[in-house]
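The values are calculated or read from the model by the stated rules, or taken from the named source; none is laboratory data. Small disclaimer: the values here were computed from a predicted structure and weren't measured. Cβ: placed from backbone, ideal geometry, glycine included. Neighbour counts: every protein chain shown.
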Amino acid sequence: MTLSETHRTIDAIWRMESAKLIASLTRMIQDVGIAEDLAQDALVIALERWPEIGIPDNPGAWLMTTAKRRAIDLMRRTKRRDQKYLEIARGMDLYKEEDVDHALEGEIGDDLLRLIFMTCHPVLSQDARVALTLRLLCGLTTDEIARSFLVAESTIAQRVVRAKRTLRAEKVPFEVPAGEQRDKRLSAVLEVIYLMFNEGYSATSGDDWIRPLLCQEALRLGRVLSEIVPQEPEVYGLVALMEIQSSRLKTRVSATGEPILLMDQNRAKWDRLLIRRGIAALKRSQELGSTLGPYALQAAISACHAEAPTAAETDWIRIAALYEALSRVTPSPIVELNRAVAISMAFGPSYGLEIVDELSAEPSLKGYHLLPSVRGDLLVKLGRFDEAHTEFERAASMTRNYREKELLQNRAHECES
């Protein structure tokens, strides 16, 4: 394995393991900023040593052990050993490599939910919560987050730093709160889990289009949350959405990693168990609430696809109506873009193109690659291939995901022929 290949592998491992590392270290240190620094230290050590010694059989356990030792060294240096040191010492054997499976399946998973509730504390603004979530739980760089939200990288960096300082200054506890405190944070927690799942379902950057482990972790956290607050309809709405979307993961990419678009996927390979679980969760959400919330509406849209035996039998008129309802509950340019796609499928591409052209003047979508991508697709259906070629090329220049860039460039090439 070449040095560059080793570094790419380490980067992939880091994206999978960083959230677990930071969550566990936050439990130990009670400071999310220091926890992230310790996890980064472990990554630096891995970058130095693994090219020489090879990648360990259990890289997550190696990183955890290394970070934990750094935490103990820090406590020694700052003379904070006493009770915290004893508590850490008692748990040292938890992170031996032979116990990694037990470790990652057990306590660390609960720590992730505690970390989410911590970062969703009301002392942080919504923008700060989102930036911190994508940084700590999804492993995105400040540059990647900045590009996603169309703001300067320095702005995101300041939000993350200030958020960590605020959590430290306010001494926000590392816990899943109860009662009213839990309820106050619930909508923010749902948003965080939703962001985690979306990053796994369609990766912002990197060599892979999907990150299945991130989707699985978000779904697991959603299921746990539904047990903690069993009377909240939107919790079940989000779980339903993630269950149904997860059913497609194995068909979203080819054996060699190329993206497969929804209309081209082999529906016979969709996971029917996950679909049944999702529809059951959606039904539970409907039973608990008088009207569907934003997550339940998105789940209902996903259910339309899941229940259609073939792509041609999809009820696009119902999907368009559901997007109309979603746009009223949570109006946004991205929801409107999705509605345009549904309108085009239900009534023809020219109707969808009218909506997309109106969105072209929307400032928040200026750097959003899916806007020219959708426009290119509609232009293809209308036979305007030269214009479609330009749109696909523009979309390819915007995305930071290698697989998606390749897909868009191929679509541009198809327009030429």
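What number of residues in region 309-334 are within 16 Å of residue 262 (Cα to Cα), polar (S, T, N, Q) and surrounded by fewer than 16 Cβ atoms within 10 Å (Cβ to Cβ)?
So in region 309-334, the residues within 16 Å of residue 262 (Cα to Cα) come out as 309-316, 319.
If we keep only those that are polar (S, T, N, Q) too, we end up with 310, 314.
Subset that is surrounded by fewer than 16 Cβ atoms within 10 Å (Cβ to Cβ): 310.
Within region 309-334, residues that are within 16 Å of residue 262 (Cα to Cα), polar (S, T, N, Q) and surrounded by fewer than 16 Cβ atoms within 10 Å (Cβ to Cβ) number 1.
For region 119-137, give me each residue that is under 17 Å from residue 184 (Cα atoms) and surrounded by 19 or more Cβ atoms within 10 Å (Cβ to Cβ). Listed by number, the residues that qualify are 119, 120, 121, 124, 128, 129, 130.
If you go through region 166-183 and keep only what is in a helix (DSSP H, G or I) and over 17 Å from residue 130 (Cβ atoms), you end up with 168, 169, 179, 180, 181, 182, 183. Looking at region 281-301, which of the residues that are free of Cβ contacts under 8 Å to residues at least 12 places away in the same chain and of a type outside the set (D, E, K, R) is surrounded by the most Cβ atoms within 10 Å (Cβ to Cβ)? Residue satisfying both the conditions and the ranking: 291.
Residue-by-condition table, conditions (1) more than 26 Å from residue 355 (Cα to Cα); (2) touching a helix residue (DSSP H, G or I) at 6+ places or on another chain (Cβ under 6 Å); (3) among the β-branched types (Val, Ile, Thr):
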| position | (1), (2), (3) |
| --- | --- |
| 271 | yes, no, no |
| 302 | no, yes, no |
| 305 | no, no, no |
| 313 | no, no, no |
| 317 | no, yes, yes |
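Restricting 359, 337, 370 to those that are crowded, with 17+ Cβ neighbours inside 10 Å, touching a Leu at 6+ places or on another chain (Cβ under 8 Å) and farther than 23 Å from residue 210 by Cβ reduces the list to 359. Taking the criterion of being out of contact with any Gly (no Cβ under 9 Å at 6 or more places or on another chain), aliphatic (A, V, I, L, M) and exposed (fewer than 14 other Cβ atoms within 10 Å of the Cβ), the residues of region 138-170 that qualify are 152, 169.
Is one or more of the residues making up region 214-226 farther than 25 Å from residue 306 by Cβ and either assigned to a helix (DSSP H, G or I) or at pLDDT below 90 (or both)? No, region 214-226 has no match at all.
Could you identify the single residue in 233, 259 that is in contact with a Phe, Trp or Tyr (Cβ under 8 Å, 6 or more places away or on another chain) and touching a residue at least 60 places away in the same chain (Cβ under 8 Å)? Before you say what the answer is, go through the steps one by one.
Details: 233 fails: in contact with a Phe, Trp or Tyr (Cβ under 8 Å, 6 or more places away or on another chain).
It is 259.
The criterion of at least 2 residues that are of a type outside the set (S, T, N, Q) and within 21 Å of residue 200 (Cα to Cα) is met, among helices (runs of 4 or more DSSP H) falling completely within region 349-417, by 370-381, 385-398, 402-416.
I'd like to verify a number: residues in region 394-417 that are among the charged types (D, E, K, R), closer than 18 Å to residue 261 by Cβ and surrounded by 15 or more Cβ atoms within 10 Å (Cβ to Cβ), how many? Outline the logic, then answer.
To start, the set of residues in region 394-417 that are among the charged types (D, E, K, R) comprises 394, 400, 403-406, 411, 414, 416.
From what is left, the residues that are closer than 18 Å to residue 261 by Cβ are 403-406, 411, 414.
Still in the list and also surrounded by 15 or more Cβ atoms within 10 Å (Cβ to Cβ): 403-406, 411.
Of the residues in that region, 5 qualify.
Would it be correct to say that residue 37 is surrounded by 16 or more Cβ atoms within 10 Å (Cβ to Cβ) and of a type outside the set (Ser, Thr, Tyr)? Explain how you work it out, then say what you get.
Numbers: surrounded by 16 or more Cβ atoms within 10 Å (Cβ to Cβ): yes; of a type outside the set (Ser, Thr, Tyr): yes.
Judged against the criteria, residue 37 is a match.
A Cβ distance below 6 Å, combined with a sequence gap of six or more or placement on separate chains, defines the contacts here; from region 47-58, residues that are closer than 12 Å to residue 3 by Cα reach residues that are exposed (fewer than 10 other Cβ atoms within 10 Å of the Cβ) in the pairs 51/3.
Name every residue in region 127-141 that is hydrophobic (A, V, I, L, M, F, W, C) and either more than 18 Å from residue 20 (Cα to Cα) or assigned to a helix (DSSP H, G or I) (or both), in order of residue number. Step through it out loud before you land on a result.
Filtering region 127-141 down to residues hydrophobic (A, V, I, L, M, F, W, C) leaves 128, 130-132, 134, 136-138, 140.
Hits for region 127-141 are 128, 130, 131, 132, 134, 136.
Of the helices (runs of 4 or more DSSP H) lying entirely inside region 3-104, those containing at least 2 residues that are at pLDDT 85 or above span 3-29, 32-53, 59-77. For residue 195, the requirement of being part of a helix (DSSP H, G or I), surrounded by fewer than 21 Cβ atoms within 10 Å (Cβ to Cβ) and in contact (Cβ under 8 Å) with a residue 40 or more places away in the chain is met. Pairs meeting the criteria (first residue in region 352-380 and touching a residue at least 24 places away in the same chain (Cβ under 8 Å) and small (Gly, Ala, Ser), second residue crowded, with 21+ Cβ neighbours inside 10 Å and in a helix (DSSP H, G or I), beta carbons under 6 Å, at least 6 apart or on different chains) are 352/340; 352/343; 352/344; 352/378; 373/395; 376/388; 376/391; 376/392. Scanning for something under 22 Å from the mean Cα position of the chain (by Cα) and surrounded by fewer than 18 Cβ atoms within 10 Å (Cβ to Cβ), does region 241-248 turn up at least one residue? Within region 241-248, not a single residue is under 22 Å from the mean Cα position of the chain (by Cα) and surrounded by fewer than 18 Cβ atoms within 10 Å (Cβ to Cβ).
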